[in-house]
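Enquirer: One structure follows; several queries about it will come next.
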Amino acid sequence: MAGATDATTVAAALFQAMQAGAAVRGTTSPNPPVGAVILSATGAVVGRGATQPVGSAHAEVMALRAAGEKARGGTAVVTLEPCAHWGRTGPCAAALIDAGITRVFYLHADPTPEAGGGAQALAAAGVEVGQISAPDGIEDAVLPWCRAVKLQRPHVTLKFAQTLDGFTAAADGTSQWITGPKARERVHADRARRDAIIIGTGTALADNPSLTARYGDGSLREHQPRRVVIGSRDLQSAGEKTSHLQQLGFEQYDSIEHALKELYASGARDVLVEGGAGLAQSFIEAGAVDALEAYISPILLGEGRGILAHAVAHTLADAPRFTTVRSTTLGPDVLVEYEARSEC
Ligand code: AOF
Ligand code: ZN
């Protein structure tokens with residue numbers, strides 16, 4: 001990269017590209033939600049784009065279309081290394097070269113053997129190529145996909161609402177209104193950005209949750225995640241409630257392993273586990289929690305039901321530890337996001 005102003009321009013473009021990618025989260029799987037920004041030769045933003053639903057245009061192609069001739073001599077800033085392959089769509093590396101782009105900066109290397117190698121192809125064509133990093137705390141929509149591809153299973157986020165003292169339900173079992181309307185709104189927006197929502201059979205039978213992604217007025221959001229129930233408890237024997245769940249279109253698996261395998265095979269890359277404590281426990285014990293979302297409400301209970309069903313450590317040194325990524329105030333509540341792994 002050239003001077004300081006140039007580095008600032010590229011960083012600002014990356015921020016916009018990350019926003020564009022985050023905006024299409026939930027609509028692209030099994031493809032990643034990538035964002036791209038094209039800067040003209042003079043450093044002005046002339047095109048922005050994001051990955052379209054599978055089989056359709058990649059982010060770079062959308063951004064190049066918006067930029068038209070202004071892309072010539074310009075810079076592309078993308079959240080994923082441009083692809084080098086003919087998949088369902090043509091190679092983005094070639095599209096960038098054809099459009100006269102002279103520099104490309106990308107956030108994540110493409111971990112797939114099929115699409116990787118774009119950086120090399122661009123460099124071989126004389127394009128200046130560099131990998132850049134994002135500042136901490138910005139939503140990185142490609143990260144879950146990237147990890148999922150490497151782990152060969154969906155990226156798992158465990159979500160829960162808790163009181164200040166760490167309870168998810170009161171001693172009498174009441175749990176519905178721990179957090180306020182803003183937090184609930186965020187939960188629904190979050191569901192709409194996931195490929196699947198997973199709950200345990202206990203929760204399915206006790207709460208009969210719809211697990212739909214809704215707006216404040218109760219209407220359905222455009223994108224609905226797949227709804228999955230995991231558990232050994234026989235839903236069949238639970239009678240009416242079960243057939244109700246199946247009528248609602250819930251998928252059912254007998255184990256975490258089977259669920260994750262089947263979900264990945266059928267295209268899910270980014271899933272949310274919404275409870276209850278037994279399922280959360282099993283996911284933690286399986287080492288299958290990659291991120292956490294804690295909605296913390298300013299109330300105390302002193303006793304109640306915890307996030308997990310029983311101990312995962314008896315001494316602090318053995319306790320699973322997470323990295324805090326971001327916190328967001330939602331009315332009286334706070335959402336804190338954590339990650340279990342730092343690598344893509
Ligand atoms: C990019 N830009 O916006 C995305 C990329 O079958 P295809 O042709 O759609 O290719 C899918 C693969 O391309 C996907 O697995 C991932 O490696 C990459 N996704 N690449 O250059 C994009 N979404
Ligand atoms: Zn591509």
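Computed from the coordinates by the stated procedures, all read-outs in this text should not be read as laboratory data. Just so you know, these numbers come straight off a predicted model, no measurement behind them. Ideal geometry is used to build each Cβ from the backbone, glycine not excepted, and the neighbour counts take in all protein chains shown.
Enquirer: Using a Förster distance of 30 Å, how high is the FRET efficiency between SER327 and SER219, based on the Cβ-Cβ distance and rounded to 0.05?
Expert: The calculated FRET efficiency here is 0.55.
Enquirer: 5 Å is the cut-off here: which amide hydrogens, built 1.01 Å from N in the peptide plane, fall below it relative to SER255, excluding neighbours closer than 5 in sequence?
Expert: GLY231
Enquirer: If amide H atoms are built 1.01 Å from N in the plane of the peptide, which residues on other chains or at least 5 residues away come under 5 Å of the amide H of ALA161?
Expert: For ALA161, the qualifying residues are TYR295.
Enquirer: Separate question: I want to verify a result. In a Gaussian network model of the chain, Cα cutoff 10 Å, which of these has the top mean-square fluctuation: GLU60, GLU81, GLU222?
Expert: GLU222
Enquirer: Still on this structure, I have one more. How long are the semi-axes of the equivalent ellipsoid of region 50-191, taking √(5λ) for every eigenvalue λ of the Cα gyration tensor, in whole Å from largest down?
Expert: Gyration-tensor ellipsoid for region 50-191: 41, 16, 14 Å.
Enquirer: Provide Rg over Rh for region 120-199; use the alpha carbon set for both Rg and the Kirkwood Rh (inverse mean inverse pair distance).
Expert: Value, to two decimals: 1.17.
Enquirer: Which is the longest part of the chain that has none of the chymotrypsin sites (Phe, Trp or Tyr not before Pro) sitting in a DSSP loop with at most 13 other Cβ atoms within 10 Å?
Expert: Excluding the exposed sites themselves, the longest stretch runs over 216-344.
Enquirer: What net charge do the residues around LYS261 carry, taking every other residue with its C-beta under 14 Å from that of LYS261, with Lys and Arg at +1 and Asp and Glu at -1?
Expert: After counting each charged neighbour, the total is -2.
Enquirer: Among the helices of the chain (complete DSSP H runs), which have Cα atoms covering no less than 20 Å along the helix axis and a Kyte-Doolittle mean of at least -1.0?
Expert: 4-23
Enquirer: Within the chain, which is the longest segment containing none of the trypsin sites (Lys or Arg not before Pro) that sit in a DSSP loop and have at most 16 other Cβ atoms within 10 Å?
Expert: By the stated rule (loop sites, at most 16 other Cβ atoms within 10 Å), 89-220.
Enquirer: Check cross-link reach from LYS150 to the aspartates and glutamates: straight Cα distance under 17 Å, and skip same-chain residues fewer than eight apart.
Expert: Filter leaves GLU81, ASP110, GLU114, ASP140, GLU257, GLU262, ASP270, ASP290, GLU339, GLU343.
Enquirer: To continue, here is another question. Run the Debye formula on the Cα coordinates of region 149-308, all scatterers equal and no solvent, and tell me log10 I(q)/I(0) at q = 0.09, 0.13, 0.15 1/Å.
Expert: Evaluating at q = 0.09, 0.13, 0.15 Å⁻¹ gives log10 I(q)/I(0) of -0.28, -0.61, -0.82.
Enquirer: For GLN152 and SER210, FRET efficiency with R0 = 30 Å and r from the beta-carbon atoms, rounded to 0.05?
Expert: According to the calculation, E is roughly 0.45.
Enquirer: Using every pair of alpha-carbon atoms in the chain, split the distances into 20 Å bins beginning at 0 and state the percent of pairs per bin, rounded to integers.
Expert: The percentages, shortest bin first, are 29, 52, 19, 1.
Enquirer: So in the chain, what percent of DSSP beta bridges are antiparallel if you round to the nearest 5?
Expert: 45 percent
Enquirer: Before rounding to the nearest 500, sum -39500 (n - 2.57) across all DSSP H runs of length at least 4 in the chain and divide by the residue total; then give [θ] at 222 nm in deg cm²/dmol.
Expert: -8500 deg cm²/dmol
Enquirer: Across 5 Å bins from the origin, how do the percents of Cα pairs in region 247-306 run, short distances first?
Expert: Taking all Cα pairs of region 247-306, the binned fractions are 3, 12, 22, 24, 16, 10, 7, 4, 1 percent.
Enquirer: Compute a Gaussian network model of the chain, connecting alpha carbons closer than 10 Å, and tell me which residue from ALA213, ALA196, ALA170 fluctuates the most.
Expert: Comparing ALA213, ALA196, ALA170 in the GNM, the peak value goes to ALA170.
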